[in-house]
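Enquirer: Below is a structure I'd like to ask you about.
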C-alpha cells in the first residue's frame, strides 16, 4: 500500500507528510510531481499544504490546472480516498471536488497556532477513527483559511452531513466555524488544520495519527 503525495512548486508540507506516514505510521509514500499523468499503484492521495504556484491569482487556482489533477479527480470520482490539507483543501475547492472557497482570514493576518476542533461527522473515510462530538487538537498555519459558500451550498453541507470538523474557537472567521468538509461519498476530505503536525507527542500531540491511519485500510 503506497500513498501518493502530490507536489507542486511551492509545496512545503510534503516532506512533513512523508515523515509522519513513513516514520511514525509505517505507511509507504511516493511523491507525485504535478506535471506527471500517472498515479498507478497508489491506494490514496494527499494534497499537502504550502503555497502552490506562490498563491498567485487565488490560493490553489493555478494548481487546479495541473495535468496530474485530472487523474486525481478520476481517482476520487471512482471512490479513491483523497485528502487535502490547508493549501490542498484550497486546491480541492478550485478543482470542484469540494464546494465553497477559502478566503483571507478575517483579521487579514497569517495565523499559526494550535486549535481545538469538534468532530462533527465520524462516518466518513477519514474520521471513522474518532468519535462523533469528540474534541481533538490540531495546529493551523494559514493566511486564507476562512471558509465561505452560498446559503444553498451550506444547507446541502448540513443536510448531507458534510461538515466534518468545526473550530471550537473560530480563528479565521469561517462560516459556521467550519474547519473541514467532505464530499457526499465521504471519500474526499479537505481541512485547514494539519494532522501531520500532530503525530508526535513531543512535537505537537498525536491527535492527527488516527486521521492518517485511515490510509492503512
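The values are calculated or read from the model by the stated rules, or taken from the named source; none is laboratory data. This structure is a prediction, so every number in the text was calculated from the model and none was measured. A quick note on method: Cβ atoms are made from the backbone with ideal geometry, for glycine too, and the neighbour counts reach across all protein chains shown.
Enquirer: Checking the structure you have, find out if any residue of the range 151-171 is at pLDDT 95 or above and within 16 Å of residue 104 (Cβ to Cβ).
Expert: Filtering the range 151-171 for residues at pLDDT 95 or above gives 151-171.
Add one more test, that the residue is within 16 Å of residue 104 (Cβ to Cβ), and what stays is 170-171.
Scanning the range 151-171 turns up at least one residue that is at pLDDT 95 or above and within 16 Å of residue 104 (Cβ to Cβ).
Enquirer: I need the full set of residues from the range 72-97 which are part of a helix (DSSP H, G or I) and within 19 Å of residue 157 (Cα to Cα), in order please.
Expert: To start, the set of residues in the range 72-97 that are part of a helix (DSSP H, G or I) comprises 72-77, 87-95.
Within the range 72-97, 76, 77, 89, 90, 91, 92, 93, 94, 95 qualify.
Enquirer: Just to check your reading of the model, which residue among 69, 21 is within 20 Å of residue 208 (Cα to Cα), at pLDDT 95 or above, in contact with a helix residue (DSSP H, G or I) (Cβ under 8 Å, 6 or more places away or on another chain) and in a helix (DSSP H, G or I)?
Expert: The unique qualifying residue is 21.
Enquirer: Which residue is farthest from residue 196 (Cα to Cα), if the candidates are limited to the range 32-51 and must be within 18 Å of the chain's Cα centre (by Cα) and assigned to a loop (DSSP other than H, G, I, E, B)?
Expert: 34
Enquirer: Turning to a different aspect of this structure: Check the range 186-196 and report whether any residue there is at pLDDT 95 or above, assigned to a helix (DSSP H, G or I), buried (at least 20 other Cβ atoms within 10 Å of the Cβ) and touching a strand residue (DSSP E or B) at 6+ places or on another chain (Cβ under 8 Å).
Expert: Yes, the range 186-196 contains a residue that is at pLDDT 95 or above, assigned to a helix (DSSP H, G or I), buried (at least 20 other Cβ atoms within 10 Å of the Cβ) and touching a strand residue (DSSP E or B) at 6+ places or on another chain (Cβ under 8 Å).
Enquirer: Quick check on residue 122: is it assigned to a loop (DSSP other than H, G, I, E, B), loosely packed, with under 15 Cβ neighbours inside 10 Å and free of Cβ contacts under 8 Å to residues at least 60 places away in the same chain?
Expert: Details: assigned to a loop (DSSP other than H, G, I, E, B): yes; loosely packed, with under 15 Cβ neighbours inside 10 Å: no; free of Cβ contacts under 8 Å to residues at least 60 places away in the same chain: yes.
No.
Enquirer: Related question: Could you please find all residues in the range 197-214 being part of a loop (DSSP other than H, G, I, E, B), modelled with pLDDT of 95 or more and over 19 Å from residue 45 (Cβ atoms)?
Expert: Within the range 197-214, 198, 206, 207 meet the criteria.
Enquirer: Moving on. So residue 54 ticks every box in (1) assigned to a helix (DSSP H, G or I); (2) on the phi < 0 side of the Ramachandran plot; (3) surrounded by fewer than 19 Cβ atoms within 10 Å (Cβ to Cβ) but one. Which box is left unticked?
Expert: (2)
Enquirer: Please go through the range 98-118 and give me each residue that is surrounded by fewer than 21 Cβ atoms within 10 Å (Cβ to Cβ) and assigned to a strand (DSSP E or B), ordered by number.
Expert: 101, 103, 111, 112, 113, 114, 116, 118
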